[in-house]
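A.B. asks: Before I ask anything, here is the structure I am working with.
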Amino acid sequence: MRSAMPTVRAERLCPEAIFVPPDFARYKEASRAAREIFHRHTDLIEPLSLDEAYLDVTKNKTGLPTATRVARMIREQIRKELHLTASAGVAPNKFLAKIASDWRKPDGLFVIQPEEVETFLAPLSAERIPGVGKVTEKRLEEIGIKTVGDLRALEATVLVARFGRYGIRLYELARGIDNGAVVSDRPTKSISAEDTFERDIPLEGMEPMIRRLAEKVWSASRKESRIARTVVLKLKTSEFTILTRSHTAGSPPSSCEELTSIALSLRERVNPRTDQRFRLVGVGLSNFREFDETSARPVLFN
């Protein structure tokens, strides 16, 4: 499972590539049409992006006896009515359903039965668990943990001692436990990315990281059906003091370059003492609103 490559990086790697401008109005219409199909089966729908959602079909409107049959029917309806392919994952909870939905992309159906959960999870890389990024993965490897099965062998107390409250989450997910309910139409409040430096650095030395984080945030924001107007820069000093600076423009950032430029300009609004060092930097987007077709359209490919 990999995140999509930021367009800016793709352009650097392949400058001869042709980048096609997006049509957000068309994407949103296709998303709306797919949502209508979902609603024929259940009203418990939690959108994750324009092209992804959780559905709770424990009690479905069509009276089908299993979630697998509901998933098959939804995929057939999307194919016949919208002429699009759709992948689906069927599982006892959201965590497992997300993994299952990625299993046979771009046009497949994968089912994890309750009795198969432990066997299915055991050989998977620990990075499959939500929240396990490069830093956490490295910390797990330091104690000999590479797979979910390895993680399952650790007691909760050991994980809490090493990872704090997140240790409980690791303990549960390694056992396929996820009690999160499907929440209908939960709006995105913010999107952010942050990273901790290997060693504390001065303010002027963090531009490369700000650029990388801005690319990551921009890529994630393109999955949203709404747009954000506020750019946020977060800094943590070597004394663990949190500093934030934000900018809200009349129109939202229209490209990754514009988002990056704003984030870098926010850095100029920080006035640290001469010897101040920083251990963390983050870039975020907030203040989301519905996409207005009369506004300037964001550019997806740069």
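The values are calculated or read from the model by the stated rules, or taken from the named source; none is laboratory data. Quantities reported herein were computed from a predicted structural model and do not represent experimental measurements. Don't worry about glycine lacking a Cβ; one is built from the backbone with ideal geometry, like all the others, and counts go over all protein chains shown.
A.B. asks: I'd like to know if the range 161-169 contains one or more residues that are in a loop (DSSP other than H, G, I, E, B), of a type in the set (G, A, S) and in contact with a strand residue (DSSP E or B) (Cβ under 8 Å, 6 or more places away or on another chain). Don't jump to the end; show me each part of the working.
C.D. replies: Let us first name the residues in the range 161-169 that are in a loop (DSSP other than H, G, I, E, B), namely 164-165.
With the extra rule that they be of a type in the set (G, A, S), the set shrinks to 164.
Applying the additional criterion that residues be in contact with a strand residue (DSSP E or B) (Cβ under 8 Å, 6 or more places away or on another chain) yields none.
No, the conditions are met nowhere in the range 161-169.
A.B. asks: Would you say E36 is acidic (D, E), loosely packed, with under 14 Cβ neighbours inside 10 Å and out of contact with any helix residue (DSSP H, G or I) (no Cβ under 6 Å at 6 or more places or on another chain)?
C.D. replies: Working: acidic (D, E): yes; loosely packed, with under 14 Cβ neighbours inside 10 Å: yes; out of contact with any helix residue (DSSP H, G or I) (no Cβ under 6 Å at 6 or more places or on another chain): yes.
Taking the combined requirement at face value, the residue satisfies it.
A.B. asks: I need a count of the residues in the range 275-302 that are charged (D, E, K, R), more than 20 Å from P22 (Cα to Cα) and either modelled with pLDDT under 60 or in contact with a strand residue (DSSP E or B) (Cβ under 8 Å, 6 or more places away or on another chain) (or both). Before you say what the answer is, go through the steps one by one.
C.D. replies: We begin by selecting, within the range 275-302, every residue charged (D, E, K, R); these are 275, 277, 279, 289-290, 292-293, 297.
Among the residues that remain, those that are also more than 20 Å from P22 (Cα to Cα) are: 275, 277, 279.
Those still in the list that are either modelled with pLDDT under 60 or in contact with a strand residue (DSSP E or B) (Cβ under 8 Å, 6 or more places away or on another chain) (or both) too: 277, 279.
Final tally of qualifying residues: 2.
A.B. asks: Within the set of pairs 6 or more residues apart or between chains, which connect a residue that is within 11 Å of L203 (Cβ to Cβ) inside the range 263-281 to a residue that is of a type in the set (S, T, Y) and assigned to a loop (DSSP other than H, G, I, E, B) with Cβ atoms less than 6 Å apart?
C.D. replies: Taking only residues 6 or more apart or on different chains, the pairs are R277/S238.
A.B. asks: Answer yes or no as to whether S254 is at pLDDT 85 or above, among the small types (G, A, S) and under 21 Å from R212 (Cα atoms).
C.D. replies: Values: at pLDDT 85 or above: no; among the small types (G, A, S): yes; under 21 Å from R212 (Cα atoms): yes.
For S254, the condition - at pLDDT 85 or above, among the small types (G, A, S) and under 21 Å from R212 (Cα atoms) - is not met.
A.B. asks: May I pose another question? Mind listing whichever residues of the range 101-146 are in a helix (DSSP H, G or I), modelled with pLDDT of 95 or more and hydrophobic (A, V, I, L, M, F, W, C)?
C.D. replies: Answer for the range 101-146, where residues must be in a helix (DSSP H, G or I), modelled with pLDDT of 95 or more and hydrophobic (A, V, I, L, M, F, W, C): V117, F120, L121.
A.B. asks: Which residue, of S225, S254, is touching a residue at least 60 places away in the same chain (Cβ under 8 Å), among the polar types (S, T, N, Q) and closer than 30 Å to A30 by Cα? Full working, then the answer.
C.D. replies: On the way: S254 fails: touching a residue at least 60 places away in the same chain (Cβ under 8 Å).
Going through S225, S254 in turn, just one is touching a residue at least 60 places away in the same chain (Cβ under 8 Å), among the polar types (S, T, N, Q) and closer than 30 Å to A30 by Cα: S225.
A.B. asks: Moving on. Grab the strands (runs of 3 or more DSSP E) fully contained in the range 1-99, keeping just those with 2 or more residues being small (G, A, S). Can you show your working first?
C.D. replies: Values: elements: 45-49, 52-55, 88-90.
So the answer is 88-90.
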